[in-house]
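The values are calculated or read from the model by the stated rules, or taken from the named source; none is laboratory data. Note that the structure is a prediction, hence the values are computed from the model and not measured. When we count neighbours, we look across all protein chains shown, and the Cβ atoms used for this are built from the backbone with ideal geometry, even at glycine. Quick note on the areas: whole protein, heavy atoms, side chains included, nothing else; ligands and nucleic acids left out. Shrake-Rupley method; radii C 1.70, N 1.55, O 1.52, S 1.80 Å.
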Amino acid sequence: CGLKDHLPERTWRHLDSMQFKTFLHCRIPRSECPTHGARTITVPWAESGSQWTLLFEAFAVLVMEQVASLNKAAKLLGVSWKEAQTLRKQAVRRGLARRSIDEIEYVGIDEKSFGKKERFITVLTDLTGERVLDVAPSKSSESAKTVLTVIPEEVRQEVQAVAMDMSAAMEKACREELPAADIVYDKFHIEKHLSDAMGKVRAREHKRLMAEGIPIFKRTRFLFLRRKERWSEKQRAQYRDIKREFGATRFSQSRIGRMWAAKESFRPFWNYVSKAWAEKFFRHWYFWATHSRIPELIRVAKMIEAHLDNILTYFRHGITNAFTEGMNSKIQEIKSAARGFRNFENYRIAILFYCGKLDMRPQK
């Protein structure tokens with residue numbers, strides 16, 4: 001093809017030279033194709049439509065990976081916040097285009113707070129690859145379907161299990177989009193229900209005992225929520241004081257003591273290798289819990305029993321949502337560094353940038 005003309009001069013930001021901003025100027029030629037008409041030549045130093053050179057974009061990705069705040073990264077790069085956001089968005093676009101989702105064995109799905117008024121997002125993670133696959137607004141069944149369809153249909157058929165909390169909406173979406181996958185209710189979510197029940201029982205009984213002039217359970221909230229083997233020396237001393245002043249027998253027969261014993265005695269359930277033995281253990285524990293005359297404990301025990309099938313799948317796959325919860329903590333750090341997000345798409349881009357394990361650097 002022959003030369004047609006040259007476009008008006010364009011400018012690209014390049015890497016700084018001795019602390020001075022450096023710009024590349026060029027009038028890009030256009031060719032005349034008999035079949036397709038005028039076509040603009042692709043330049044070797046930048047991507048199509050970009051206002052930065054490949055080297056500058058690669059450096060920008062490196063800076064933003066190390067600096068959590070986009071404002072600070074923009075200052076280091078000498079660009080505006082809007083330009084830094086565009087650079088990050090282009091980096092994520094490149095990473096998603098290169099990302100491979102050929103084989104996924106286990107996934108996790110969870111919700112995370114987005115902002116005020118109880119707004120949530122749905123986060124899908126690849127538990128094997130330890131990466132965030134996608135994020136969708138709200139925590140509805142439709143949002144769960146949206147993130148699950150990021151996985152190619154043929155790969156979805158091969159997913160063995162999905163870890164999640166006891167959300168009917170998410171379970172419905174997983175049943176539809178991952179027909180061959182088992183539902184595994186997260187064990188940490190189960191333990192959280194027991195801990196919440198423990199907290200309610202302790203608060204109620206403490207209030208009743210305080211009315212009788214017995215302050216022995218004051219400031220013991222974290223004592224009964226924490227595992228005994230993880231107690232600090234101060235907490236061990238606090239427990240000894242309770243047994244000495246309140247009475248060991250009286251404590252073991254009190255609702256706080258019985259609730260605490262039930263919570264702690266449930267822990268060995270997760271150590272079983274056999275599903276059958278785990279179910280047998282649970283039946284014994286369930287009988288004890290439902291005859292405890294502690295409403296909070298009975299409620300949790302019946303909830304576990306109602307969802308037991310999807311809890312026992314843990315012994316087949318051994319997965320939890322621990323990685324997803326860890327990602328939620330990292331997402332919270334991203335949110336804090338940005339002082340919150342008004343725009344969901346910017347929130348999604350930031351999450352995928354830092355948690356997606358994407359190959360985002362431009363290549364020649």
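A few notes on this one:
- With all protein chains modelled, accessible area of residue 222 [1.4 Å, Å²]: 130
- Taking amide H as placed 1.01 Å from N in the peptide plane, residue 161 has its amide H under 5 Å from the amide H of 107, 182, each at least 5 places away in sequence or on another chain.
- Unsatisfied cross-links (Cα-Cα over 29 Å) in the set 187/330; 112/302; 21/357; 72/139: 21/357; 72/139
- Using every pair of distinct Cα positions in the chain, the Kirkwood expression returns a hydrodynamic radius of 24.7 angstrom.
- Between residue 93 and residue 16, full extension at 0.36 nm per residue minus the direct alpha carbon distance yields a gain of 25.2 nm.
- Given +1 at the Cβ of Lys and Arg, -1 at the Cβ of Asp and Glu and no other charges, the dipole of the chain around its Cα centre is 1980 debye to the nearest 20.
- Debye log10 I(q)/I(0) at q = 0.18, 0.21, 0.23 Å⁻¹ for the range 151-278, Cα point scatterers: -0.99, -1.21, -1.35
- With both labels modelled 7 Å from their Cα along Cα-to-Cβ, the residue 306 to residue 338 distance reads 3.6 nm.
- In this structure residue 187 has an accessible area near 40 Å², from a 1.4 Å probe over the protein heavy atoms.
- Were the residues from residue 157 through residue 1 laid out at 0.36 nm apart, the gain over their Cα-Cα distance would be 51.4 nm.
- Helix-only mean residue ellipticity at 222 nm for the chain, each DSSP H run of n ≥ 4 adding -39500 (n - 2.57), per residue, nearest 500: -15000 deg cm²/dmol
- Among 327, 247, 225 the positive-end extreme of the charge dipole of the range 210-364 (Cβ point charges): 247
- When the alpha carbon gyration tensor of the range 140-213 is reduced to an equivalent ellipsoid, the three semi-axes, largest first, read 41, 11, 7 Å.
- Amide H to amide H distances under 5 Å link residue 4 with 30, 31, 32, where only residues 5 or more positions off or on other chains count and H is placed in the peptide plane.
- Within straight-line reach of residue 243, meaning a Cα separation under 22 Å, sit the following lysines at least 8 residues removed in sequence or on another chain: 200, 207, 218, 228, 234, 263.
- Calculated FRET efficiency for the pair residue 149/residue 245, C-beta based, R₀ 56 Å, to 0.05: 0.40
- Calculated P(r) tail over 19 Å for the range 61-180, as whole % of Cα pairs: 55
- On Cα atoms only, tilt of 275-290 relative to the major axis of the chain in degrees: 50
- Among 99, 94, 230, the order of accessible area from largest down is 230, 99, 94, computed with a 1.4 Å probe on protein heavy atoms.
- In summary, the aspartates and glutamates within cross-link reach of residue 89, defined as a Cα separation below 15 angstrom excluding same-chain residues under 8 places away, comprise 47, 57, 65, 134, 345, 359.
- Geometric descriptor of the range 209-250, per residue, is 76 Å³ (volume of the convex hull of the Cα atoms).
- Taking the C-alpha atoms only, the angle from helix 54-66 to the longest principal axis of the chain is near 20 degrees.
- Longest site-free stretch - the chain; sites: GluC sites (Glu not before Pro), DSSP loop, at most 13 other Cβ within 10 Å: 213-364
- The range 1-41 - convex hull of the alpha-carbon atoms, volume per residue in Å³: 66
- Selection among 216, 144, 120 by position relative to the dipole of the chain gives 216 as farthest towards the positive end (Cβ unit charges, Cα centre).
- Size descriptor, Kirkwood hydrodynamic radius, that averages inverse alpha-carbon separations across the range 1-93, Å: 14.8
- Estimated FRET transfer efficiency (residue 81, residue 41; beta-carbon r; R0 35 Å; 0.05): 0.60
- Reach of residue 275 by Cα under 16 Å, taken over aspartates and glutamates that are not fewer than 8 positions away in the same chain: 182, 186, 305, 309
- Residue 330 paired with residue 234, simple spin-label distance in nm, labels 7 Å along Cα-to-beta-carbon: 3.3
- Cα-centre dipole for the range 202-293 with unit charges at Cβ (Lys and Arg positive, Asp and Glu negative), debye to 20: 180
- Sorting 220, 40 by accessible area puts them as 40, 220; the probe is 1.4 Å, largest comes first, and only protein heavy atoms count.
- Cα-projected label distance for residue 357 with residue 270, points at 7 Å along beta-carbon direction, nm: 2.2
- Note on residue 267: accessible area approximately 50 square angstrom, rounded to 10, probe 1.4 Å, nucleic acids and ligands left out.
- What you get for the range 244-325, charging only the Cβ of Lys and Arg (+1) and of Asp and Glu (-1), is a dipole of about 300 debye around the Cα centre.
- The overall shape of the range 245-333, judged from the alpha-carbon gyration tensor, is oblate: a/c is not under 1.5, and a/b is no greater than b/c.
- Between residue 168 and residue 299, the FRET efficiency estimated from the beta carbon spacing at R0 = 25 angstrom works out to 0.90.
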